[in-house]
Amino acid sequence: MNGPNFSKSELIPVIAQDDATGDVLMLAYMNQEAYAETLRTGRVCYYSRSRQKLWRKGEESGNVQELKSLYYDCDADTLLAKVNQIGGAACHEGYKSCFFRQINPQTGEVTTIGERVFDPKAVYKK
């Protein structure tokens with residue numbers, strides 16, 4: 001096998017990790033077309049399950065992801081994309097990482113960590 005196995009599942013989860021810091025930025029999905037485009041362009045492309053179409057990361061916000069390296073797991077059904085996150089934010093809510101809410105395991109209390117890099121209302125005009 002050479003690369004992810006899309007015959008097992010049409011959509012494969014992709015963990016995006018900041019290549020420089022190691023921070024986990026987000027989890028999204030790729031289909032075979034998004035995977036091929038990512039390899040061809042060096043810019044990460046996902047498949048949006050909600051919009052049912054290719055999602056070129058940063059196409060609206062300008063916060064694109066340059067692919068630095070790409071890995072697949074032992075089952076060939078999950079990808080790890082190490083990226084250069086341009087613009088400082090991977091999250092559509094304006095945070096560096098989509099994982100900006102921390103849950104206290106003892107109390108269940110949720111704390112927002114980090115600062116917003118941009119205002120989503122201004123960027124997405126919604």
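Remarks
- Pairs with Cβ under 8 Å, 6+ apart, first in the stretch 1-25 and free of Cβ contacts under 8 Å to residues at least 60 places away in the same chain, second part of a strand (DSSP E or B) and not polar (S, T, N, Q): Phe6/Ile12; Leu11/Tyr29; Leu11/Met30; Leu11/Tyr47
- Yes/no for Leu79 being within 25 Å of Tyr124 (Cβ to Cβ) and under 12 Å from the mean Cα position of the chain (by Cα): no
- Sole residue being surrounded by 15 or more Cβ atoms within 10 Å (Cβ to Cβ) and of a type in the set (Lys, Arg), chosen from Arg51, Arg43: Arg43
- For the stretch 22-40, filtered to residues that are in a loop (DSSP other than H, G, I, E, B) and of a type outside the set (S, T, N, Q), the residue that is most open to solvent (accessible area, probe 1.4 Å) is Asp23.
- If you go through the stretch 69-126 and keep only what is on the phi > 0 side of the Ramachandran plot and free of Cβ contacts under 8 Å to residues at least 12 places away in the same chain, you end up with Gly108, Lys125.
- Where Ala34 falls short, out of the listed (1) within 20 Å of Val123 (Cβ to Cβ); (2) within 13 Å of the chain's Cα centre (by Cα); (3) among the small types (Gly, Ala, Ser): (1)
- Flag if Arg51 is free of Cβ contacts under 8 Å to residues at least 60 places away in the same chain, among the basic types (Lys, Arg), part of a loop (DSSP other than H, G, I, E, B) and more than 24 Å from Arg40 (Cα to Cα): no
- Qualifying residues in the stretch 54-73 (those that are assigned to a loop (DSSP other than H, G, I, E, B) and modelled with pLDDT of 95 or more) - the one surrounded by the fewest Cβ atoms within 10 Å (Cβ to Cβ): Asp73
- For the stretch 77-94, the set of residues classified as farther than 17 Å from Trp55 by Cβ and open to solvent by 30 Å² or more (accessible area, probe 1.4 Å) consists of Asp77, Thr78, Leu80, Lys82, Asn84, Gly88, listed by residue number.
- Scanning the stretch 95-126 for residues that are modelled with pLDDT of 95 or more and open to solvent by less than 70 Å² (accessible area, probe 1.4 Å) turns up Tyr95, Ser97, Cys98, Phe100, Asn104, Gly108, Thr111.
- Checking the stretch 4-21 against the condition returns no match, with no residue being more than 26 Å from Arg101 (Cβ to Cβ), open to solvent by less than 40 Å² (accessible area, probe 1.4 Å) and assigned to a strand (DSSP E or B).
The values are calculated or read from the model by the stated rules, or taken from the named source; none is laboratory data. The model shown is predicted, which means the values in this text are computed figures rather than measured ones. In this analysis, Cβ positions are derived from the backbone assuming ideal geometry, glycine residues included, and neighbour counts consider all displayed protein chains. Protein only, heavy atoms only, side chains kept; ligands, DNA and RNA dropped before computing areas. Shrake-Rupley method; radii C 1.70, N 1.55, O 1.52, S 1.80 Å.
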